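Here is the structure we will look at.
The values are calculated or read from the model by the stated rules, or taken from the named source; none is laboratory data. What you see is a predicted model, and the numbers here were worked out from it, not measured in a lab. In this analysis, Cβ positions are derived from the backbone assuming ideal geometry, glycine residues included, and neighbour counts consider all displayed protein chains. Side chains are part of the model used for accessible areas, which takes the heavy atoms of the whole protein and leaves out ligands, DNA and RNA. Shrake-Rupley method; radii C 1.70, N 1.55, O 1.52, S 1.80 Å.
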Amino acid sequence: MLLTRAIAAFAAACAAGCPLFEKAAEPCAIDGTTELGIVIADQNGNLTALAEMGEVPLIAAPQGGHILLAAPRIKMTTATCEVQVTASLRDLSTNIVIGLEQRPIRVHQRADGWATPPDPADLSDLANVAVCPSSVSMVAGIPARLEVKIVDPDGSATVTTALDAIPTCGDSQYCVYECNGAN
Amino acid sequence: MRWLLACLMFSACGDNVDPAEYEPWVLDELTPAQGISIRTPEFEVPAGTEIQDCYFFPVPDVADGADVMIDRVALALNTGSHHMNVFRVKTIRNLVPAAGVAIDLGGVQGTVIYGTDANTECWKSANWSDWPLVSNSQQSAAAQHIVDWRLPDDVAMRLVPGEMLMLQIHYVNASEQVTPFVGRGGVNFYRSVDGDTQELGTLFATQQSIRVCRSTPRPSYSGACTMPAGSHTVAAANGHFHSRGRRFRIFSWDGVSTDRPGDAAMFYDSTDWSEPDMKTDLEIELPDPGGVWWTCDYQWVEPAGGCAAVDARDPQGANDCCYTFGPLVETSEHCNVFLYYYPKVTESVTCF
């Protein structure tokens with residue numbers, strides 16, 4: 001009886017737009033020649049390609065603290081693919097990593113040939129690098145190195161890029177306090 | 001599987017148990033000279049629900065106004081608990097101790113803010129984001145109701161009389177976890193009497209905005225947390241995720257590398273989402289500089305009640321049956337680290 005009901009419910013769900021139609025993304029095909037850049041997002045999810053010494057918004061995270069949102073931009077021909085990403089922020093004076101996150105990220109090819117997360121993006125579309133509060137560095141307004149690394153599914157190919165950037169609080173005094181106040 | 005089918009068919013897991021089988025846990029009742037005992041009342045956990053209650057109490061003055069050093073903690077839970085965490089109350093946002101209902105916590109007077117509805121403040125982690133961890137347990141199975149942790153020699157945690165603490169307790173009586181009888185938790189803080197000189201510190205870390213989706217069924221999330229400068233020894237740790245969690249690993253980390261440390265650096269490895277061990281007596285000296293790295297591996301599974309509930313929580317509205325970050329066992333996922341180290345160097349190390 002339960003099984004019959006489950007099948008009926010599944011059929012009804014599919015009739016209205018079967019959730020199984022959400023396709024798994026192909027792994028991104030990367031090798032040592034893959035061109036890699038960095039995109040960041042602001043609190044509204046708008047993406048920007050990061051330039052050397054560019055500003056990176058510090059965003060109040062849902063569970064507290066401040067994060068920066070970073071993801072790869074990859075030159076490739078695949079329409080949509082997924083890659084395991086490690087994003088980190090490093091103190092330039094000590095070389096110590098202030099915050100690091102590793103997660104799977106799906107990228108979509110844009111008209112310019114670069115693949116990025118969707119724009120605008122959701123928080124989960126980019127690495128959430130937790131940087132404030134920090135036990136080791138002041139963060140807001142202090143240049144630091146933002147590094148993004150991508151790895152192919154079997155771990156045989158790794159591509160890394162890094163840019164110096166300036167994490168920025170904008171108008172939030174609480175952000176400044178949380179990111180710099182304890183140091 | 002038979003147990004799961006039985007739960008689905010009767011839609012009231014825990015209703016078909018013999019009350020005579022209820023064997024409540026027993027902790028010592030401590031005198032002030034011995035320490036501090038906290039007890040929640042027993043409470044019902046109706047079938048198909050998750051409950052999270054936040055109990056607040058000031059640390060009793062058991063030492064004529066002096067700080068109390070604690071070198072043994074015993075935490076007890078009836079079967080069905082998902083977690084019990086004790087935090088020090090700091091910045092008060094929307095979870096206000098004074099707004100709670102007065103309650104007796106085994107002789108200690110406090111307040112409680114009930115969380116029978118997941119939209120209430122006791123469920124919203126931003127409310128305690130800067131509240132340092134004191135202690136925690138996730139063990140409530142019949143064979144291990146009590147986590148009894150004797151801190152390392154010469155190490156103790158400090159409690160300050162009058163300081164407000166929150167004991168948060170989460171019970172589940174649904175498809176993923178079952179509360180066969182009633183919910184109840186208790187904590188004993190045993191006073192140190194041997195002059196411990198090193199203070200225990202705590203670290204709480206979490207990965208936010210995680211997703212475990214039908215189209216990305218085996219995601220892995222990692223984070224890393226750098227400790228303040230100095231020498232630190234990990235004394236105990238436990239990881240926390242929900243039923244899609246397959247493996248939780250914690251490593252010591254050099255604070256510089258962006259590659260996951262090798263297995264030789266791993267000091268915590270759990271595949272048990274519902275009753276993860278509190279690993280004690282670890283004695284792991286972290287590199288200086290350095291800290292910890294953690295990895296949560298997941299496997300997506302079809303929700304017992306179908307995808308509607310998880311889809312409704314998805315901020316992306318992707319209709320991909322994604323479990324997203326959140327406290328509800330049935331419909332969301334976590335990747336949290338609870339870690340205890342010494343000597344303490346700052347009020348709390350938070351990484352999220």
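Quick notes
- Candidate set: segment B:221-235, residues that are over 21 Å from A:Val151 (Cα atoms) and of a type in the set (Gly, Ala, Ser); chosen: the one surrounded by the fewest Cβ atoms within 10 Å (Cβ to Cβ): B:Gly230
- Any hit, segment A:172-179, residues being in a helix (DSSP H, G or I) and of a type in the set (Val, Ile, Thr): yes
Yes or no, residue by residue, for (1) more than 8 Å from chain A (Cβ to nearest Cβ); (2) open to solvent by 10 Å² or more (accessible area, probe 1.4 Å); (3) out of contact with any Ser or Thr (no Cβ under 7 Å at 6 or more places or on another chain):
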residue	(1), (2), (3)
B:Tyr171	yes, no, no
B:Val182	yes, yes, yes
B:Asn188	yes, no, no
B:Thr197	yes, yes, yes
B:Ser209	no, yes, no
B:Pro219	no, no, yes
B:Ala237	yes, no, yes
B:Phe241	yes, no, yes
B:Trp253	yes, no, yes
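For every residue, the table says whether it meets (1) within 18 Å of B:Met164 (Cα to Cα); (2) surrounded by fewer than 21 Cβ atoms within 10 Å (Cβ to Cβ).
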site	(1), (2)
B:Thr49	no, yes
B:Phe56	yes, no
B:Val68	yes, no
B:Gly100	yes, yes
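- Top-ranked residue in segment A:129-154 [being within 24 Å of B:Pro217 (Cβ to Cβ) and part of a loop (DSSP other than H, G, I, E, B); ranked as least open to solvent (accessible area, probe 1.4 Å)]: A:Asp152
- Some residue of segment B:253-274 being modelled with pLDDT under 95, outside any strand (DSSP E or B) and not charged (D, E, K, R): yes
- Test: B:Tyr323 is within 22 Å of B:Trp128 (Cα to Cα), open to solvent by less than 20 Å² (accessible area, probe 1.4 Å) and in contact (Cβ under 8 Å) with a residue 24 or more places away in the chain: no
- Single residue of segment B:291-315 satisfying the filter (assigned to a helix (DSSP H, G or I) and not hydrophobic (A, V, I, L, M, F, W, C)) that is nearest to the other protein chains (Cβ to nearest Cβ): B:Asp311
- Taken over segment B:120-140, the criterion of being of a type in the set (A, V, I, L, M) and open to solvent by less than 30 Å² (accessible area, probe 1.4 Å) is satisfied by B:Leu133, B:Val134.
- With respect to the stated conditions, B:Ala318 fails to be farther than 30 Å from B:Met157 by Cβ, of a type in the set (Gly, Ala, Ser), open to solvent by 10 Å² or more (accessible area, probe 1.4 Å) and away from every other protein chain (no Cβ under 11 Å).
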